[in-house]
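Input: a single structure, listed below in structure tokens.
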Amino acid sequence: MFTQQIIGLIVITYFLIRLYLQKKQKQINANEFYFWLVFWMIAALAVVFLKQIDLLVRNLGFSASGIDVLLYLAVVMLFYFIFRMRIRMANMEKDITKVVRAIATKEKNDGM
Amino acid sequence: MKKIFIIIPAYNEENNIIKVIDDVKNVNTDFQIVVVDDCSTDNTYQLANKSNIIALRHIVNRGQGAALKTGTEYAIMKGADIIVHFDADRQFLAGEIKDVVKSILNNQADIVFGSRFMDKKSDIPWLKKNIIMPLARLVNKLFFKVTLSDPQAGFRAFSTNAYKKLEWQQDGMAHCSEIMHNAFRSDLRTKEVPITVIYRDFGQKFSGGFKILKDMFIGKFTR
């Protein structure tokens, strides 16, 4: 196994531990947990079977180098962060609705 | 006697709101009407508030699904037995409320959806009738196991007991699909009745369908 692969697996392990802790602290729901679990498992498999993937990519007629892989990973990471941001925003929107609803009901009950 | 609450979400409906309220009052004076103004920029709230009904106001625009939920939860708090969702743009006929609530009153259904695609004739725009609705019906059937003839039925009634199983999280237009999905995946007794829809504008567009799917997808990952 290459050093790069070991580093990759360490990074993925870090994210898996983080994911587990987020689930334990109920910061994410079950669906989100399973989505990212599958995502990081696929990433780990891709790192472990990098040689076979390289071979597959070459057989498909693409020229893949280390920098390409880094770029692909960067795109995946960006996707990850954008998606996380979208979920966070959706949760915030939900909280805003709860506040707006509570004010609407309170206004009526207080006879305002 | 069962307490029936009519929930009317409204956004910039100053030209229609009084007429809708009067129409509903004329059907049955015992109906409790709750108008939820979703932060209109016109006089919708002021007009509703003067109409001797319950008028609630969102201080920030949150969408139709959110307004319906505000009204529904308020009605339940006030002892409602049956909740009816009704539009403020005069596209539904108030006289048909009795058809929608009938099966719930007779204890034959827990939730009743109005359908534009049954016996009664609605003047549905061609694109909507022949392209958008069949596609929406297919999506509902494939992804949500919903087999209703009207994939975007906004005129509905349900019993207060059913609300726990129906409770929707979607603030926008996706609440409609979510309510159907929740109804079909639970053990609630569902029913469809024919209703008439008078089109005053096109309503939900093709792009709206994609937004609903996107909102439903994102909703799967939220708290």
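Among (1) surrounded by fewer than 16 Cβ atoms within 10 Å (Cβ to Cβ); (2) in contact (Cβ under 8 Å) with a residue 60 or more places away in the chain; (3) closer than 25 Å to B:ALA109 by Cβ, which single condition is B:ASN26 missing?
Of the numbered conditions (1) surrounded by fewer than 16 Cβ atoms within 10 Å (Cβ to Cβ); (2) in contact (Cβ under 8 Å) with a residue 60 or more places away in the chain; (3) closer than 25 Å to B:ALA109 by Cβ, the odd one out for B:ASN26 is (3).
In the stretch A:66-82, is there at least one residue being at pLDDT 85 or above and within 9 Å of chain B (Cβ to nearest Cβ)?
The answer is no, given that none of the residues of the stretch A:66-82 is at pLDDT 85 or above and within 9 Å of chain B (Cβ to nearest Cβ).
Return the residues of the stretch B:144-164 that are assigned to a helix (DSSP H, G or I) and without any contact (Cβ under 8 Å) to a residue 40 or more places away in the chain; say none if nothing qualifies.
Narrowing the stretch B:144-164 to residues assigned to a helix (DSSP H, G or I): B:144, B:160-164.
B:LYS164 - this is the single residue of the stretch B:144-164 that is assigned to a helix (DSSP H, G or I) and without any contact (Cβ under 8 Å) to a residue 40 or more places away in the chain.
May I ask you to verify whether B:SER177 is part of a loop (DSSP other than H, G, I, E, B), at pLDDT below 95 and among the polar types (S, T, N, Q)?
Spelling it out, it is not the case that B:SER177 is part of a loop (DSSP other than H, G, I, E, B), at pLDDT below 95 and among the polar types (S, T, N, Q).
Could you please tell me which pairs satisfy a Cβ distance under 9 Å, a separation of 6+ or placement on different chains, a first residue in the stretch B:92-120 that is among the polar types (S, T, N, Q), and a second residue that is in a helix (DSSP H, G or I)?
The qualifying pairs are B:GLN108/B:LYS102.
Which condition does B:ILE21 not pass, out of (1) away from chain A (no Cβ under 14 Å); (2) open to solvent by 10 Å² or more (accessible area, probe 1.4 Å); (3) assigned to a helix (DSSP H, G or I), if it passes all the others?
All conditions pass for B:ILE21, except number (2).
Pairs please, first residue from the stretch A:32-48 and more than 14 Å from A:ILE17 (Cα to Cα), second anywhere and modelled with pLDDT of 90 or more and open to solvent by 40 Å² or more (accessible area, probe 1.4 Å), Cβ atoms under 6 Å, 6+ apart in sequence or on different chains.
Close Cβ pairs satisfying both conditions: A:VAL47/A:LEU9.
So if I check each of A:ALA102, A:ALA90, which one is part of a helix (DSSP H, G or I), exposed (fewer than 14 other Cβ atoms within 10 Å of the Cβ) and at the interface with chain B (Cβ under 10 Å from one of its Cβ atoms)?
A:ALA102
Give all pairs with beta carbons closer than 6 Å in which a residue from the stretch A:5-30 that is within 14 Å of chain B (Cβ to nearest Cβ) meets a residue that is hydrophobic (A, V, I, L, M, F, W, C); count only pairs at least 6 apart in sequence or on separate chains.
Note: pairs meeting the criteria are A:LEU19/A:TRP36; A:GLN22/A:ILE28; A:LYS23/A:PHE33.
The values are calculated or read from the model by the stated rules, or taken from the named source; none is laboratory data. Quantities reported herein were computed from a predicted structural model and do not represent experimental measurements. For neighbour counting, all protein chains shown are included, and Cβ atoms are generated from backbone atoms with ideal geometry for every residue, glycine included. These accessible areas exclude ligands, DNA and RNA; they are computed on the full protein's heavy atoms, side chains included. Shrake-Rupley method; radii C 1.70, N 1.55, O 1.52, S 1.80 Å.
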